[in-house]
Protein chains: 2
Amino acid sequence: MPGDDDAPLIKGNAAIGQSGGPTAVINQSLYGAVAALREFGHVKKIYGMRHGVNGLVRGELVDLGKEKEKHLKAVARTPAAALGSSRDKPDEDYCRKILEACEKANIRYFFYIGGNDSSDTCRIVSELAQRDGYDMRCFHIPKTVDNDLMESDHTPGYPSAARFQAFAFMADSMDNASLPGVKINVVMGRNAGFLTAASALARGRGKGSERNGPHLIYLPEVPFEKDRFLAEVEAVYARLGRCQVAVSEGIVDTGGRAIATTLAQKLDQDAHGNVQLSGVSALGDALADLVKDNLRTGGKLRVRADTFGYLQRCWPDPSPIDSREARKAAEFAVKLAAKGQRSGSVAIERISSEPYKSRFRQIELSAVAAKTRRMPPEFIEGGNNVSRKFLDYARPLVGELPEMMRL
Amino acid sequence: MPGDDDAPLIKGNAAIGQSGGPTAVINQSLYGAVAALREFGHVKKIYGMRHGVNGLVRGELVDLGKEKEKHLKAVARTPAAALGSSRDKPDEDYCRKILEACEKANIRYFFYIGGNDSSDTCRIVSELAQRDGYDMRCFHIPKTVDNDLMESDHTPGYPSAARFQAFAFMADSMDNASLPGVKINVVMGRNAGFLTAASALARGRGKGSERNGPHLIYLPEVPFEKDRFLAEVEAVYARLGRCQVAVSEGIVDTGGRAIATTLAQKLDQDAHGNVQLSGVSALGDALADLVKDNLRTGGKLRVRADTFGYLQRCWPDPSPIDSREARKAAEFAVKLAAKGQRSGSVAIERISSEPYKSRFRQIELSAVAAKTRRMPPEFIEGGNNVSRKFLDYARPLVGELPEMMRL
C-alpha cells in the first residue's frame, strides 16, 4: 500500500479546492468529496476554498457543510469549478502560506481537485506539514481534460471532453462534405494528444465510415513537418475532394518548437510561464493560410479553420461514465483519509472495456506530481492517425454518440 | 391565396436541392419532401441535386426514390446537407441553364431548400419557366441558422443553432466564473443578430441568473462603437470581476463598415462577393487585443476570445421543435404543389408560445427572395442587450436546456 502507514485519526476541519482548467465534471468531484466527508465522523467543518489555494491563503473559505444535498447535486451537474479555480502554481514559499492558512483554520484534511500542478501543490504542502509536525492529510483528486496524469487509465474530465470532440468532428465532417474544402480544427492539449486523438471517434463504425473525417490527425507526440502536412492534405483532397484535419494546439516541429510560436505572431503567457495556446486562434488561421498558399488543386480551394476554444472543456453534456467516476474518485480520496492514510492521489484502473468497468487505486503524490503522461506509441498510427487500439480505449468512455448517415 | 390560380397538374419528375450553409435539420426537410412526394401521384422520379443547382446543371442527380424509408429517416437525423450544398448564387444566365437541365430531365416539380439567395433562384427559374411556357412548379423550403427570412416567425435551422448558443454561453459563463476575466465569443450571423441574441437564453431564469453571462450582447443591428464597448466591458468587470461578451461576426461601425474589416487584416470573399466572416478568428482576437490594450483594471487582466465557427450551425443535438418544423415545412411545400400551386415559399406562423404551436402559410417567392429580415427594435434593449420580448420569443424554440447551479 503506498503512502504512509496508518496513523490515528485526528479531529478537525476539511478543505476542498478546485484548480486548473475547468471541466464538465469537476463539480461531481466536489459533490463526491462533500458527501463522503459528511459521513466521516472526524470532520467538523467542510470548507471550500474560493479559487483554490489562492482563496485559501487569503482566508476566502465557504462553509460547504451548510449546502443542502439537493442543491449540491444540482451544482454537481453544472460544468466548471463552482468554487472558482486558480492558475497559481505554488512554490515552497507559497505552500508555506497555504500551510499557515490551514493551521489557522484547523484544517486537518486537505483535498485538491486538479491536474499535475495541483498534485504537486498537494505534495509540497504535505511534506511541509510533516516537517512541521502539523498533522494534516493531503489528497489529490484527479481532473484534467488533457488526460495527461501518470498511472491512470484516464482522468476525470477527459471522457466528457473527448465526447465533445466526437460530436464536433462528426457534425463538422458532414458540414465539410456539404461544402467541400479543407477544414482544420484546432483541439486543446498542450503536451498530450489524447483529446485531439478523440476526434477519431467521430468516424463511427458504420458503412462508409472510412470516408468520414477526421482524415488527418496531428498530435503533439509526432513532430510536425510543414511539407509532409501539405502533401498529406493534398493527397486526401485528391482522393475525396475534401479534407478534415484535427490538429493539437501543442504540435511541435522536429526541434521541439511549438508550431503556434513559429507560424503565428502574438501569444500570451499564463501564470505558469507557459505560452497561452487556447483562446488564441493564430495556429488554425496560420495553418489555413499555409494550405491556401501552397496547395495545387487547380481552381479555387475553400480552406477554413476553427479553434474549438473553451467550449470543449465545459460542454454541458458530459459522458455519464465521466460524471460517475469524477464523483467516485473524490469519494475514494475521502475513504483513504478515513482509513488513516496520510497522503495520496487516486488513479483509475480499467477492469474491462465491454462492459466497461473500472476501479480506483491509491498512488503516491510523487507518482503523479508535475509529471506528464503522453500518448503511448501503440495509440499512434503513422504520422497522422491514431491506432485501432486507441479507438478501443476511448470508445467506451464517451457514452452514446449520434449516428451519422449518408445517402 | 398568394401564387397563381390552381392549374391542372402535370405528370413528370421532381428535383430537390439543398443550398447555402448547412444546418442541423436541413436533412429533415429533405426527408419531409421525399416522403410527401412519394404520396403525390403525379411524380415519377424523385431526383436529388448534388450540391444544389451546381450539380443539377452538370447532370449530377441521384435517384432519391430508391432510398429506403428507414435509411432516409437516419439521414434526416444527420446534420448538414446530405445531398451536398452550394454557395452558387445564380444570375439569369445560370438560371437558364438550370431550366434547361430541368427540361432535359423532365423535371416538373422543383424544390429548393435554402435561405434568401435560394428563394431568389427559385423565383428566377420559375419566371423563366413561365416565360418559356415550360410547366414547372417551383417551391422554396426555408432554411437558415441566421433566421433572416421575411414573413416567418422564425426559420428552420435557427432553433437548433440558437440551442447551441444557449449551451455554449451557459457553460462558458461558468468557465468564466471559475477563472475570471473578459471572455469574448463571436457568433455567426452576417446581417441579422438573432443567433447572437440567442446567447441570452444561457442566463436561465433561476436564482442568481442576473449574474450569469452573457453580460453584454453586440448585434449587427446596433452600430458598434469601440469606446462605448470598452466602457461597458469595464463597468461589468468592475461590478462582477468578470465579463462575458457575445458579439455578432457582422457588427458594423456607425458608418456601416464591418468591424471585422476595420479591426482585422485578412479576409476572404465568398462566391457572392460577401466578405468571409466565419472560419476566420480575426474579429475575436482583435476585440480581445482592444480590451487588453485599453482596459484599466489595475493588475493583469485575463482576456480571451473564441470564435464558435461551424460547430454552431451543425451541432448534432437539434431542437426537437426545429426537427419537426423542418420536416413539416417541406411536406407543406409538396402539398402546395399537389394543390396545383405554381410557385411559393413557406412561412412559419406562431399560434402560441405556451404551449408552443405553429402552422405553415404559403407566401410569394418575391416576398422572401433576396430580402433580409433583421432583429426588430422591440427585440433589442439599449445598445448591448436583448429585450424580455426576445427571450419570450426564443425560449420556446430551443427545447429543454440544462440548469446551471452555483454554490
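The values are calculated or read from the model by the stated rules, or taken from the named source; none is laboratory data. Quick caveat: nothing in here was measured; it's all calculated off a predicted structure. Here Cβ is always computed from backbone atoms with ideal geometry, including for glycine, and neighbour counts include all displayed protein chains.
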Next item on the list: May I ask you to verify whether residue A:201 is assigned to a helix (DSSP H, G or I) and in contact with a Leu (Cβ under 8 Å, 6 or more places away or on another chain)?
Entry: yes
Note to self: I need every pair where a residue in the range B:340-365 that is farther than 16 Å from residue B:326 by Cβ has its Cβ under 7 Å from the Cβ of a residue that is surrounded by fewer than 21 Cβ atoms within 10 Å (Cβ to Cβ) and among the β-branched types (Val, Ile, Thr), sequence separation at least 6 or different chains.
What the structure shows: B:357/B:351
Margin query: So, in the range A:181-202, exactly how many residues are of a type outside the set (A, V, I, L, M, F, W, C) and surrounded by 23 or more Cβ atoms within 10 Å (Cβ to Cβ)?
Written below: 6
Next item on the list: Could you list all residues from the range A:334-351 that are in contact with a Lys or Arg (Cβ under 9 Å, 6 or more places away or on another chain) and either assigned to a loop (DSSP other than H, G, I, E, B) or among the basic types (Lys, Arg) (or both)?
Entry: A:340, A:341, A:342, A:350
Checklist line | Extreme residue, nearest to the other protein chains (Cβ to nearest Cβ), among residues of the range A:307-320 that are in contact with a strand residue (DSSP E or B) (Cβ under 9 Å, 6 or more places away or on another chain) and not in a helix (DSSP H, G or I) | finding: A:309
Check: Which condition breaks for residue B:300 when tested against (1) within 14 Å of chain A (Cβ to nearest Cβ); (2) without any contact (Cβ under 8 Å) to a residue 12 or more places away in the chain; (3) touching a strand residue (DSSP E or B) at 6+ places or on another chain (Cβ under 9 Å)?
Finding: (3)
Item checked: Total residues in the range A:62-82, condition in contact with a strand residue (DSSP E or B) (Cβ under 8 Å, 6 or more places away or on another chain) and either more than 7 Å from chain B (Cβ to nearest Cβ) or part of a helix (DSSP H, G or I) (or both) -> 3
Next item on the list: Please enumerate the residues belonging to the range A:171-198 that are assigned to a helix (DSSP H, G or I) and of a type in the set (A, V, I, L, M).
Entry: A:171, A:174, A:177, A:195, A:197, A:198
Check: Can you name every residue in the range A:174-185 that is touching a helix residue (DSSP H, G or I) at 6+ places or on another chain (Cβ under 6 Å) and at the interface with another protein chain (Cβ under 10 Å from one of its Cβ atoms)?
Finding: A:175, A:183, A:184
Check: Would a scan of the range A:362-378 turn up a residue that is in contact with a helix residue (DSSP H, G or I) (Cβ under 8 Å, 6 or more places away or on another chain), modelled with pLDDT of 95 or more and assigned to a strand (DSSP E or B)?
Finding: yes
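Kindly indicate whether any position in the range A:34-44 is in contact (Cβ under 8 Å) with a residue 12 or more places away in the chain, among the small types (Gly, Ala, Ser) and either away from chain B (no Cβ under 14 Å) or part of a loop (DSSP other than H, G, I, E, B) (or both).
yes
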Margin query: Looking at A:48, A:59 in this structure, which one is outside any helix (DSSP H, G or I), away from chain B (no Cβ under 14 Å) and without any contact (Cβ under 8 Å) to a residue 60 or more places away in the chain?
Written below: A:59
Check: Out of all the residues in the range A:156-170, is one or more more than 30 Å from residue A:406 (Cβ to Cβ) and either part of a helix (DSSP H, G or I) or in contact (Cβ under 8 Å) with a residue 12 or more places away in the chain (or both)?
Finding: yes
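Determine which member of the set B:124, B:141 is within 29 Å of residue B:250 (Cα to Cα) and outside any helix (DSSP H, G or I).
On inspection, the qualifying residue turns out to be B:141.
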Next item on the list: Taking residue B:88 as meeting all but one of (1) surrounded by 18 or more Cβ atoms within 10 Å (Cβ to Cβ); (2) under 24 Å from residue B:323 (Cβ atoms), write down the number of the exception.
Entry: (2)
Checklist line | From the options B:189, B:213, residue that is under 27 Å from residue B:300 (Cα atoms) and either in contact with an Asp or Glu (Cβ under 6 Å, 6 or more places away or on another chain) or within 14 Å of chain A (Cβ to nearest Cβ) (or both) | finding: B:213
Checklist line | Counted residues, the range B:348-407 - those being within 14 Å of chain A (Cβ to nearest Cβ), crowded, with 16+ Cβ neighbours inside 10 Å and of a type outside the set (A, V, I, L, M) | finding: 3
Check: Where residues in the range B:278-297 are in a loop (DSSP other than H, G, I, E, B) and within 32 Å of the chain's Cα centre (by Cα), which of them is modelled with the highest pLDDT?
Finding: B:281
Next item on the list: Any chance you could count how many residues in the range A:112-146 are among the aliphatic types (A, V, I, L, M), more than 20 Å from residue A:84 (Cβ to Cβ) and in contact with a strand residue (DSSP E or B) (Cβ under 6 Å, 6 or more places away or on another chain)?
Entry: 1
Check: Which one of these is without any contact (Cβ under 8 Å) to a residue 40 or more places away in the chain and buried (at least 24 other Cβ atoms within 10 Å of the Cβ): B:173, B:178?
Finding: B:178
Item checked: Failed item, numbered, when residue B:323 is tested on (1) within 14 Å of another protein chain (Cβ to nearest Cβ); (2) assigned to a loop (DSSP other than H, G, I, E, B); (3) not β-branched (Val, Ile, Thr) -> (2)
